[in-house]
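A quick write-up on the structure given underneath.
The values are calculated or read from the model by the stated rules, or taken from the named source; none is laboratory data. Note that the structure is predicted; figures quoted are calculated from it, not measured. Here the Cβ positions follow ideal geometry from the backbone for every residue, glycine too, while neighbour counts run over all protein chains shown. Heavy atoms of the whole protein, side chains included, go into the accessibility calculation; ligands, DNA and RNA do not. Shrake-Rupley method; radii C 1.70, N 1.55, O 1.52, S 1.80 Å.
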Amino acid sequence: MSSAEAFYASIRAEVDAIRDAGLYKRERIIATPQGATIRTADGREVINLCANNYLGLSSHPKVMEAAHAALRTHGYGMSSVRFICGTQDVHKELEARLASFLGTEDTILYGSAFDANGGLFETLLGPEDAVISDELNHASIIDGIRLSKARRYRYKHNDLDDLRAQLEQADVEGARFKLVFSDGVFSMDGTVARLDEIRKICDDHGALLGIDECHATGFMGKRGRGTHEARGVFGKIDIITGTLGKALGGASGGFTAARKEVVELLRQRSRPYLFSNTVAPAIVGGSIAVLDLLEASTELRDRLEQNTKFFRDGIVKLGYDIKPGDHPIVPIMVYDAEKAQKLADRLLELGVYVVGFFYPVVPKGQARIRVQMSAIHDESTLRPALDAFAQAGRELGLIP
């Protein structure tokens, strides 16, 4: 067997092993825009409970019209990177609007939030510096840290005593600059970082604080500004990364918001920014319209909060084990990967679109259905969804 044939045989064997272990991830195809209900490719109309469409803006008419307008006035794509000829006036407008919305001095756009994290740590930190990261941080944070030459420390999830210990260790080992970095909201559990306490710990140890706000920007806090607003430290976070691909319209694109000098250096040295095209004009136009909507009213985030409470209360009454909290991410714990997939399949048959999450997306033995609320849900969609969870759960022996 040639080396190429052996390579492909090895790949096939690995995929087969994933399938045999019950860990194979299947992509379901939908044939409509995101909404409270969607139609799958086989024609079924189902209640949609697994999109990151927190505020229901993925197909909002004002957002789509703004995207169409930007397409007409600014074209389809940039065809180049930012520093050559890939920056338009709308890109600068969106960056300024995001900085104001998030309480920072400046913002830099990236093609994705993964790129924002991927281009952050390597640019700002050297081998004499330290980055201290929550052990459950998103994969993009982990990969971004790996790309840097900074010393790496991990603290136990949401364990602030361990955070202090790691900072002290970094001091003992002579770190020049220290950056503590955490998800604002952890995407698999819906856990909200205790940023008020973390900020104080950072101040006590002379450390910077950065957060990833992908599951927070637009709806966390009274005005939807994010986890830092919800925790009372708005304007006191050194670095914020986030996405345009979830609550802020749901298309694509990411950003880093920080002090002006930080953003300036990222524009000069951050590799994903320098060597990849930026966000398309239509998405930029739509994102500006999203900020117009969010700054004019908190109606959408308020409705999302109400829907979240209604569903969380209902699923607990059915007897399901869920991760506690008040975030619109509702992790319904099944623990076994195969059972999680069976539950998702049965719910789809009953008209509810959800997805099972299991290793390596979550740790082994922590399989779950991750339900996500949206502002476009209401009791007419959530009550039938709860009924389906009741029927499927009893059939599979997951609830009494």
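A few comments on the model shown:
- Residue within the range 315-338 that is closer than 24 Å to PHE101 by Cα and of a type in the set (Gly, Ala, Ser) present: no
- Neighbours by Cβ (under 7 Å, 6+ apart or cross-chain): first from the range 1-24, open to solvent by 60 Å² or more (accessible area, probe 1.4 Å); second in a helix (DSSP H, G or I) and not aromatic (Phe, Trp, Tyr): TYR24/ILE18
- The range 5-24 - residue that is among the small types (Gly, Ala, Ser) and modelled with pLDDT under 90 and, of those, nearest to the chain's Cα centre (by Cα): GLY22
- Candidates in the range 230-243 are the residues that are surrounded by fewer than 21 Cβ atoms within 10 Å (Cβ to Cβ) and not acidic (Asp, Glu); of these, the one that is nearest to GLU105 (Cα to Cα) is GLY235.
- Output for the range 301-322, where each listed residue is over 20 Å from the mean Cα position of the chain (by Cα) and among the aliphatic types (A, V, I, L, M): ILE315, VAL316, LEU318
Residue-by-condition table, conditions (1) under 23 Å from GLN166 (Cβ atoms); (2) at pLDDT below 95; (3) open to solvent by 60 Å² or more (accessible area, probe 1.4 Å); (4) in a helix (DSSP H, G or I):
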| site | (1), (2), (3), (4) |
| --- | --- |
| ILE201 | yes, no, no, yes |
| THR217 | no, no, no, no |
| GLY221 | no, no, no, no |
| GLY224 | no, no, no, no |
| HIS228 | yes, no, no, yes |
| GLY245 | no, no, no, no |
| ALA251 | no, no, yes, no |
| GLN268 | no, no, yes, yes |
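- Scanning the range 51-74 for residues that are open to solvent by less than 30 Å² (accessible area, probe 1.4 Å) and part of a loop (DSSP other than H, G, I, E, B) gives ALA51, ASN53, TYR54, LEU55, GLY56, LEU57.
- Within the range 289-315, residues that are without any contact (Cβ under 8 Å) to a residue 60 or more places away in the chain have Cβ atoms under 7 Å from residues that are crowded, with 22+ Cβ neighbours inside 10 Å in these pairs: ARG312/VAL330, counting only partners at least 6 apart in sequence or on another chain.
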